[in-house]
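Below you'll find the structure, written out as structure tokens, and then a few comments.
No value in this document is a laboratory result; all are computed from the given coordinates. Here the structure is a predicted model, which means the values were calculated and not measured. Glycine also receives a Cβ, built like all others from the backbone with ideal geometry; neighbour counts cover every protein chain displayed.
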Amino acid sequence: MIERLIVGPLYTNCYFYSFNKKDCLIIDPGAEPLRIITALEALNLIPVGIVLTHGHFDHTLGCHSIKRHFEKRGIVIKIAIHSADRTYLGRSGERNNRKHFTFLGAETAQLFDELFEKLPEPDLLLKQGTNVFKSGLVVVETPGHTPGSICLYAKKEGILFSGDTLFFESIGRTDLPGGSQALLSKSLKEKILKLPPATNIYPGHGPLTTLERELKGNPFLKAILGSLNSNGKSPKDSLKTKVQRKT
């Protein structure tokens with residue numbers, strides 16, 4: 001089961017991914033921790049961990065309050081993030097997040113000051129291929145939006161939590177410190193475009209989509225496909241080759 005809550009002023013998609021009956025993962029609790037906790041309790045779900053697709057504060061700010069709430073009930077929740085984004089959490093979290101979001105101007109800096117809460121240290125550092133908390137969701141490293149951006153993929157279920165790597169008809173921004181357009185394009189080309197077209201995409205912001213739909217309507221993916229097709233293969237042959245490769 002997958003449940004989505006849209007939280008905070010940046011409309012972040014926070015997901016509950018349930019497995020083993022009542023166990024679940026919380027993916028990107030970016031704001032409104034009380035609302036997230038209330039939703040979990042209404043669904044009778046017990047979180048075993050929080051997984052962060054990257055370290056930006058609009059995906060992480062609920063971590064501390066949620067972790068503390070469940071610890072008071074005797075439930076230990078571990079927080080997982082890719083090692084390359086670990087400095088967005090813990091003691092360095094406020095400094096690094098502030099540096100990134102004051103870069104966007106005074107209005108965003110003010111929003112940061114209004115929203116920011118203490119961020120806990122990570123408990124688990126992720127890497128390519130990690131089966132996160134034995135949930136069946138596997139880490140796909142997709143640097144570009146941040147150095148440690150990841151997606152979470154379940155092959156059998158055909159689902160991908162894409163964070164801020166891929167959106168409906170768009171991709172993640174790369175103009176913040178640590179972002180790289182070249183790395184993001186490489187991640188999309190070498191990781192995302194090799195998945196089956198029927199894969200359901202659960203992005204970090206905006207509506208849900210499928211890879212098939214994005215291959216047809218996402219101008220950024222179409223540009224990457226165009227560059228791949230410049231080797232002389234027809235678009236149809238090139239796409240067929242990509243989707244048949246193993247992930």
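Using alpha carbons only, how many angstrom separate the centre of the stretch 31-50 from the centre of the stretch 107-151?
The stretch 31-50 and the stretch 107-151 have Cα centres separated by 18 Å.
Along Cα→Cβ, 7 Å out, is where each label goes; now give me the distance between the ones at Asp175 and Asp123 in nm to one decimal.
So the label points at Asp175 and Asp123 sit 3.8 nm apart.
Can you compute the equivalent ellipsoid semi-axes for the stretch 1-70, i.e. the square root of 5 times each eigenvalue of the Cα gyration tensor, sorted largest first and rounded to whole Å?
Semi-axis lengths for the stretch 1-70 are 18, 12, 11 Å.
State, as an integer percentage, the relative contact order of the chain based on alpha-carbon contacts under 8 Å between residues 6 or more apart. Walk me through the intermediate numbers first.
Values: 491 pairs, mean separation 33.9, N = 247.
Rounded, it is 14 percent for the chain.
Going by amide H atoms built from the backbone, whose H comes under 5 Å of the H on Gly144, apart from near neighbours?
Ser149, Ser180
At 7 Å along Cα-to-Cβ for each site, give me the label-to-label distance between Lys216 and Phe116 in nm.
4.5
Looking at the square roots a ≥ b ≥ c of the eigenvalues of the Cα gyration tensor of the stretch 64-170, which shape do they give, rounded for a/c under 1.5, prolate if a/b is larger than b/c, or oblate?
Numbers: a/c = 1.98, a/b = 1.21, b/c = 1.64.
Here the stretch 64-170 falls in the oblate category.
I need the calculated FRET efficiency for the pair Lys186 and Arg98, taking r as the beta carbon distance and R₀ as 30 Å, to the nearest 0.05. Present the calculation step by step, with values, prior to reporting the outcome.
Details: r = 29 Å, r/R0 = 0.96.
For R0 = 30 Å, the calculated efficiency reads 0.55.
The stretch 1-99: which trypsin sites (Lys or Arg not before Pro) are DSSP loop and have at most 16 other beta-carbon atoms within 10 angstrom?
Working: sites: Arg4, Lys21, Lys22, Arg35, Lys67, Arg68, Lys72, Arg73, Lys78, Arg86, Arg91, Arg95, Arg98, Lys99; in loops: Lys21, Lys22, Arg73.
The qualifying sites are Lys21, Lys22, Arg73.
Would you grab the residues whose amide H sits under 5 Å from the one on Ile79? Only those 5+ places off in sequence or on another chain, please, with H modelled 1.01 Å from N.
When sequence neighbours closer than 5 places are left aside, the close amide H contacts are Ile50, Asp123, Leu124.
Just to be sure I understand: with springs between alpha-carbon atoms less than 10 Å apart, which residue in Cys63, Cys24, Cys151 has the highest mean-square fluctuation in the Gaussian network model of the chain?
Fluctuation is largest for Cys24.
Return the sequence-ordered ³J(HN,Hα) values of the stretch 15-28 in whole Hz as given by the Karplus equation 6.51 cos²θ - 1.76 cosθ + 1.60 applied to θ = phi - 60°, using x for Gly and Pro.
Calculated HN-Hα couplings, in order: 10, 10, 10, 9, 7, 6, 6, 8, 5, 8, 9, 9, 10, 6 Hz.
If you average 1/r over every pair of different alpha-carbon atoms in the chain and take one over that average, what Kirkwood value in Å do you get? Could you put the intermediate results ahead of the total?
Values: mean 1/r = 0.0546 Å⁻¹.
Final number for the Kirkwood radius of the chain is 18.3 Å.
Among DSSP beta bridges lying fully in the chain, give the percent that are antiparallel, nearest 5. List each step's numbers first, then the result.
Numbers: 24 of 39 bridges.
The answer is about 60 percent antiparallel.
For Thr209, which sequence-distant residues (separation of 5 or more, or a different chain) have an amide H within less than 5 Å of its own amide H, given hydrogens modelled in the peptide plane?
When sequence neighbours closer than 5 places are left aside, the close amide H contacts are Ile201.
Determine the gain in length on full extension of the stretch Thr38-Ile2; use 0.36 nm per residue of separation and subtract their C-alpha separation, reporting nm with one decimal. Don't skip to the answer; put the middle values down first.
On the way: separation 36, 0.36 × 36 = 12.96 nm, distance 1.61 nm.
Full extension from Thr38 to Ile2 adds 11.3 nm.
Using θ = phi - 60° and the Karplus form 6.51 cos²θ - 1.76 cosθ + 1.60, what ³J(HN,Hα) does each residue of the stretch 163-179 get, whole Hz, x for Gly and Pro?
x, 9, 7, 9, 10, 4, 6, 7, 9, x, 6, 10, 8, 7, x, x, x
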